[in-house]
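A quick write-up on the structure given underneath.
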Amino acid sequence: MKRLLIIAACALALPAAADKPPVPKVYRGMDTQQKGQWKVDILETSRGGGDRKPPSMTICTDNLHNQAGQGPTGAARMKPECKYRVLKDTASEAIVESTCKDHTMTVKTTRENDKTLLMEMDGKAGSGSPTHMKMRYAYLGPCREGQGAMTFDKDSEQCRKIRQQAAQMDPEKQCARSAQRERCLQQMQQRQKQMAAMCS
């Protein structure tokens, strides 16, 4: 579930964050320019999970772009060595195929209106099973001050689990035997801060 949510969050930000992927016409003329906060509803997925529906979430693409460049490998994670091919490029629909070292993916983006996009992703990694996701992105406006890159409804089951996990974290105890105690404490405290921002 966690990986599925990360893929959904990054899908919209990648075309704007990366240098190589082409920016299809479907994004042009949108006042948002892929920035700001977007509500993401996962409509279909090939991944297991029984009857449990993936939670809706809000992503702040500004923060996703910022995180992409943080750390020595941040940019590399967001901009892998891939080749891109535009299969269709109109004002209402785009189909872009990406071929990377360990996976291939085809993304179909349909523009429903000036603030809503429908995205379908079909991918294949190595000898694994094909994956499929269908998501709707609705623009909500500029990101809020202090908003996390990915947030959930504060009353959702996802946030209940996040709060439980955060409450069980004890930086002092977990970093007590670390050779770099101060650095460990800073990382743990930053992690707690990020978790809190996900449900603000």
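Within the stretch 152-200, work out how many residues are surrounded by 12 or more Cβ atoms within 10 Å (Cβ to Cβ), over 18 Å from MET57 (Cα atoms) and among the acidic types (Asp, Glu).
Residues meeting the conditions: 0.
Testing GLN164 on (1) assigned to a helix (DSSP H, G or I); (2) in contact (Cβ under 8 Å) with a residue 12 or more places away in the chain, one condition comes back false. Which one is that?
(2)
Restricting attention to the stretch 71-93, which residues are part of a loop (DSSP other than H, G, I, E, B), under 21 Å from THR131 (Cβ atoms) and at pLDDT 90 or above?
Residues satisfying the conditions do not exist here.
Conditions (1) within 18 Å of the chain's Cα centre (by Cα); (2) closer than 18 Å to SER46 by Cβ; (3) not in a loop (DSSP other than H, G, I, E, B), marked per residue:
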residue	(1), (2), (3)
ILE95	no, no, yes
THR109	yes, no, yes
GLU112	no, no, yes
MET121	yes, yes, yes
GLY128	no, yes, no
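Which residues, taken from the stretch 98-123, are small (Gly, Ala, Ser) and under 10 Å from LYS134 (Cα atoms)? Break it down stepwise before answering.
Of the stretch 98-123, the ones small (Gly, Ala, Ser) are 98, 123.
Correct list: empty.
The values are calculated or read from the model by the stated rules, or taken from the named source; none is laboratory data. Computed from a prediction, not measured in an experiment: that's the story for all the values here. We place every Cβ from the backbone using ideal geometry, glycine too, and count neighbours over all the protein chains shown.
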